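The values are calculated or read from the model by the stated rules, or taken from the named source; none is laboratory data. Bear in mind that the values here come from a model prediction, so they are computed numbers and not experimental data. With ideal geometry, Cβ positions are generated from the backbone for all residues, glycine too; neighbour counts draw on all protein chains shown.
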Amino acid sequence: MNADSFNLNSIDIAWCPGCGNYSILKIMKQTLSELNISPTELVLVSGIGQAAKIPQYFKTNYFNGLHGRAIPPATAIKLSNPNLTVIAESGDGDMYGEGGNHFIHAIRRNPDITNIIHNNMVYGLTKGQASPTSKIGFKTPVQINGVVLEPFNPISTAIALDASFVARAFSGDIKETKNILKKAIKHKGFSIVDILQPCVSFNNINTYDWFKENTYYLNSKYDSSNRIEGFKKSIENKKLPLGIFYINKKRKSFEQNFKINQDKKIPLFKNELKISSLSKLIKSKR
Amino acid sequence: MEDLSIVLCGEAGQGIQTVEKLFTRIIKKAGFNLFSTKEYMSRVRGGSNSTEIRISTKSVSAYIDRIDILITLNGDAIQHIQKRILKNTLIIGEEKNIKTKKNSKKIAFPIAKTAEEIGSKIYSNTVAVGILSSILGINKKILKDVTKEYFQNKKRDIINKNIKAAEKGYDLFKDLIEKEKINFKLNKPKSENDNILLNGAESIGLGAIAGGCNFISSYPMSPSTGVLTFLSKNSQDFNIIAEQAEDEISAINMVIGAWYAGARGMVTTSGGGYALMTEGISLAGMIESPVVIHLAQRPAPATGLPTRTEQGDLEHALYSSHGEFPKILFAPATLEDGFYLTQKAFDIADKYQIPVYILTDQYFIDSFYGIKDLDLNKIRKKNHFIKTTKNYKRYKLIKNGISPRGIPGYGSGLICVDSDEHDESGRITEDMEIRNKMVEKRLKKFSEIQKEIIPPELIGKKDYKYLIIGWGSNYHLIKEAIVNIDDEKIAHLHFRQVFPIHEDTLKFLKKADKAIMIENNATSQFSKLIRQQTGYEIKNRILQYNGLPFSVETLIKEIKKIIGDKL
């Protein structure tokens, strides 16, 4: 599979020049083609926001739904047809703010989907308000004296809930981000990849250089099966660790709990109504 | 006597439900028809709840005020049900539980003591079932067999003690019947009653299965939860994915996702939960997704009266969700409707790619009665999606506005759907010409669905003078009231599809000297809708919004008030 198979002929991209989204788009296409996933087997589900526009620039099946609501349809799509690769992808405002409840419960549910969050610590499409991950003191037209809310930490939240795959990446590093994404997509369960990215228009604090200076990769000896260590790493905030924080291989994916999915991975659309069973059920009420 | 009305009244947690379930099985086995309905408080313990069971050799399917036999299980019961106690009401209960100034016949019976002698107070309910069975003169063997069957999953000792409790109640009370000269003679049924005994929730659940439902995601909320539990219970046998969502927003978005991937999904909810779903319904409108919504109404605003009944969400269902797009609203009038209309909802949602509602209420959901049969040959189960080809466009502009719906992973096309305005291929656009075409495409479905509107049912003679209009769950109540008034000049027009309404509606209304609307809300929402759709104003309205269903007696009284008592 070639990354070009995900390219569209003529597209008019709505992102600002220099936006981190461009490299994420490129990384995604390369990752999927290297994993040999075809556009017809893939469903990209997104919410609303600049990041959530990613399916528009992708030749694949997509479901561009409501703000904050990418995870519920993604969960249902995977349940309804377990043969599809399903990715729920949006920005930090969409996934952690508007859709925060679904994020938390998807971790508990553990559907076999990949959750990619473009985290630029600011609202882009609505022009520069604070996001759930904005740092304290970050000034915006709404938070005029700077953000006072404690930033949402998706990594530690996920590990606290015993998520089955938790990673953080940086959009500026194509090679490493691709590696992380490959593992995330292959993981059988809910895999979270929080991708740090600069917003060139509305965040002049967390810039490309800032991320370079304020991140480091977990070293090769780091044990991603250790939840306590993962949690310790997740709350480091001087320099942000990058890489896979935690994997729990013991958790069953959500789909495996359902008979129809467990047996033969039969999509629900091939499910025939059993008239004889229905007739029996009605008779039982006589 | 034509029929007998028995009411059980006690507090939550006392086991009225056990009495209801066991006794109704016995009645049915003995060959009687029955109707039962309950009113209960929003609490798990205490308070006062009551269940009405009507028994007859004829078909019964409506709530009445009259009580022939009242069984009181606690001291507050009498107070709770005071207004419905008549001179002829026989009150049975422990000495301390039957105290009332009302001049009715009272029989004190040591129910708890009888139960304790068998082993424990917990057998009180079964003793009560024995008492009721002896009043009806039910064969003791039926009582014994059904009790045994009912408790079959319990330990042997418990089964035996329950049988003993039932028999003891039966025998001891039989002596009292003779002594007190109690006589509730009903015509004896000829054979075992082989009707299907269902409640509203089950009728919707069975209809959903018949409609090919294989996905339900919902958040529990009275009175809609019964449908979720019914489908969950049967999920293994029918390969249904049943999931309790974290909130109603998730539920509706999951169900829309399921349809996108080729499943047939539904949500079940009530007013407040539905309010959270309205953005999702708008999404279904935009991406032209089928979706089936069961909305079991209860009194609102806000939390309202959580366990009680109202027809107050007609406008909410109709006008909620931003933007302009077609929808269809069914309101089952009977249990048969619960089945066939829910089945039809799946078919029609799929065919027209629109949201379809099943509007019920607590009264409908919690009422049981027997129905003759459900005809599975009437089921039209056909998937309307297609296998796509390479250049497939999800929103291809075609004459009737209904672009063939593809699903991902079936065929070589790509399925792109977007909550933003989109072009034929499903991609975001702000091209105003395409915007116009897409709006018009979505609205064209309105004229398509006109072809399939269910006409209202006219009960009575065609040359009526008075036309009584109802919708949804009031069907049997209105019908029985009119039978009682017994006047050929009255006819009943009942709607089971409340939006869009049938084009004959105005013709029916114009023929009447007086049209009277009956609905369970305060502002006569259906009258307003009819006026908006036809220009005809129904001025006579019988409305009730205290949280209870109409009783047949209330309707008789109110109808007579409007048309004059003389007739």
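The condition of being within 25 Å of B:Glu2 (Cβ to Cβ), assigned to a loop (DSSP other than H, G, I, E, B) and charged (D, E, K, R) holds for only one of B:Glu503, B:Glu558, B:Glu488, that being B:Glu488. Taking first residues from the stretch B:297-318 that are at negative phi and partners that are modelled with pLDDT under 95 and of a type in the set (Phe, Trp, Tyr), the Cβ contacts under 8 Å between residues at least 6 apart in sequence or on separate chains come to B:Thr307/B:Tyr40.
If you check A:Gly93, A:Gly49 for being in a loop (DSSP other than H, G, I, E, B), more than 10 Å from chain B (Cβ to nearest Cβ) and surrounded by 20 or more Cβ atoms within 10 Å (Cβ to Cβ), only one passes: A:Gly49.
Restrict the check to the stretch B:270-291 and report whether at least one residue is outside any helix (DSSP H, G or I), within 15 Å of the chain's Cα centre (by Cα) and not assigned by TED's automatic domain parsing to the domain that holds B:Gly547. Yes. Within the stretch B:357-415, the set of residues being in a strand (DSSP E or B) and closer than 30 Å to B:Tyr40 by Cβ comprises B:Tyr357, B:Ile358, B:Leu359, B:Thr360, B:Asp361, B:Phe368, B:Tyr369, B:Gly370, B:Ile371.
The set of residues in the stretch A:32-46 being more than 10 Å from chain B (Cβ to nearest Cβ) and crowded, with 24+ Cβ neighbours inside 10 Å consists of A:Leu32 alone. The C-beta contact set for the stretch B:252-269 (first residue more than 7 Å from every other protein chain (Cβ to nearest Cβ), second residue of a type in the set (A, V, I, L, M) and surrounded by fewer than 24 Cβ atoms within 10 Å (Cβ to Cβ), distance under 6 angstrom, 6+ apart or interchain) comprises B:Thr269/B:Met221.
Here A:Leu79 passes the criteria (1) surrounded by 20 or more Cβ atoms within 10 Å (Cβ to Cβ); (2) aliphatic (A, V, I, L, M); (3) part of a loop (DSSP other than H, G, I, E, B); (4) more than 16 Å from the chain's Cα centre (by Cα) except the one numbered (3).
Considering B:Arg531, B:Arg541, the condition of being of a type outside the set (A, V, I, L, M, F, W, C), buried (at least 17 other Cβ atoms within 10 Å of the Cβ) and without any contact (Cβ under 8 Å) to a residue 40 or more places away in the chain is satisfied by B:Arg541 alone. Regarding A:Ile155, is this residue among the hydrophobic types (A, V, I, L, M, F, W, C) and assigned to a helix (DSSP H, G or I)? Considered against the rule, which asks whether it is among the hydrophobic types (A, V, I, L, M, F, W, C) and assigned to a helix (DSSP H, G or I), A:Ile155 comes out as yes. Checking each residue of the stretch B:28-46 against the condition of being in a helix (DSSP H, G or I), closer than 29 Å to B:Ile556 by Cβ and either in contact (Cβ under 8 Å) with a residue 12 or more places away in the chain or within 24 Å of the chain's Cα centre (by Cα) (or both) gives at least one match. Taking the stretch A:197-286 as the region of interest, the helices (runs of 4 or more DSSP H) fully inside it that hold 2 or more residues being within 23 Å of the chain's Cα centre (by Cα) and either within 29 Å of A:Ser90 (Cα to Cα) or within 14 Å of chain B (Cβ to nearest Cβ) (or both) are A:208-213, A:227-234. Hey, could you check the stretch B:422-470 for residues that are within 14 Å of chain A (Cβ to nearest Cβ), in contact with a helix residue (DSSP H, G or I) (Cβ under 9 Å, 6 or more places away or on another chain) and in contact (Cβ under 8 Å) with a residue 24 or more places away in the chain and say which is surrounded by the most Cβ atoms within 10 Å (Cβ to Cβ)? Filtering the stretch B:422-470 for residues that are within 14 Å of chain A (Cβ to nearest Cβ), in contact with a helix residue (DSSP H, G or I) (Cβ under 9 Å, 6 or more places away or on another chain) and in contact (Cβ under 8 Å) with a residue 24 or more places away in the chain, the one surrounded by the most Cβ atoms within 10 Å (Cβ to Cβ) comes out as B:Gly426.
Of B:Ser282, B:Ser321, B:Ser289, B:Ser270, all but one fail to be farther than 17 Å from B:Ser473 by Cβ, crowded, with 23+ Cβ neighbours inside 10 Å and either among the small types (Gly, Ala, Ser) or at pLDDT below 95 (or both); the exception is B:Ser289.
Scanning the stretch B:366-385 for residues that are more than 9 Å from every other protein chain (Cβ to nearest Cβ) and surrounded by fewer than 15 Cβ atoms within 10 Å (Cβ to Cβ) gives B:Lys372, B:Asp375, B:Asn377, B:Lys378, B:Arg380, B:Lys382. If the condition is being touching a residue at least 24 places away in the same chain (Cβ under 8 Å) and out of contact with any helix residue (DSSP H, G or I) (no Cβ under 8 Å at 6 or more places or on another chain), then the stretch A:244-276 contributes A:Ile247, A:Lys249, A:Arg251, A:Lys252, A:Ser253, A:Lys265. Only strands (runs of 3 or more DSSP E) whose full extent lies in the stretch B:173-250 are considered here, and none of them has at least 2 residues that are away from chain A (no Cβ under 14 Å).
A count restricted to the stretch B:324-339 and to residues that are farther than 25 Å from B:Arg531 by Cα and surrounded by 24 or more Cβ atoms within 10 Å (Cβ to Cβ) stands at 4. Quick check: is even one residue across the stretch B:307-316 within 11 Å of chain A (Cβ to nearest Cβ), part of a helix (DSSP H, G or I), under 19 Å from the mean Cα position of the chain (by Cα) and of a type outside the set (Asp, Glu)? No. In the stretch B:144-203, which residues are touching a Pro at 6+ places or on another chain (Cβ under 9 Å) and not hydrophobic (A, V, I, L, M, F, W, C)? Result: B:Gly200, B:Ser203.
Condition check: away from every other protein chain (no Cβ under 13 Å) and more than 30 Å from A:Lys280 (Cα to Cα). Does B:Pro332 satisfy that? No. Before we move on, is B:Gly312 over 29 Å from A:Arg286 (Cβ atoms), in contact with a strand residue (DSSP E or B) (Cβ under 8 Å, 6 or more places away or on another chain) and not assigned by TED's automatic domain parsing to the domain that holds B:Gly272? No; evaluated as a whole, the condition is false for this residue.
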